[in-house]
1. Using the Cβ atoms and a cut-off under 14 Å, what net charge is assigned to the surroundings of residue 44, where Lys and Arg are +1 and Asp and Glu are -1?
2. Along Cα→Cβ, 7 Å out, is where each label goes; now give me the distance between the ones at residue 2 and residue 33 in nm to one decimal.
3. Order these peptides, 9-19, 41-51, 24-34, by their mean beta-carbon neighbour count within 10 angstrom, highest first.
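Nothing in this text is a laboratory measurement; each read-out follows from the coordinates by a stated rule. Owing to the predicted nature of the structure, the values given are computational and were not obtained by experimental measurement. Here Cβ is always computed from backbone atoms with ideal geometry, including for glycine, and neighbour counts include all displayed protein chains.
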Amino acid sequence: MQTLDDMLDLHLLTPDQHAEIGAWIAQARTPEAILEMPAPLWRKLELASVLMGFDADMAKAPLMQLDP
């Protein structure tokens, strides 16, 4: 839900879209159920993800932690 909150804070989602998407995710019991989100909400979520660079962040290799 943090990512949804960030999308709202960045004005990439309206408060209504944030609430609708959050409610859908909260009631979904499986990842497959999340994918059944209504198309208009799914498109808005995808667009907000692209604008945030979410996919680019997920593709980055994790930072290696050095032992002191």
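1. -2
2. 2.4
3. Ranked from most to least packed, the peptides come out as 41-51, 9-19, 24-34.
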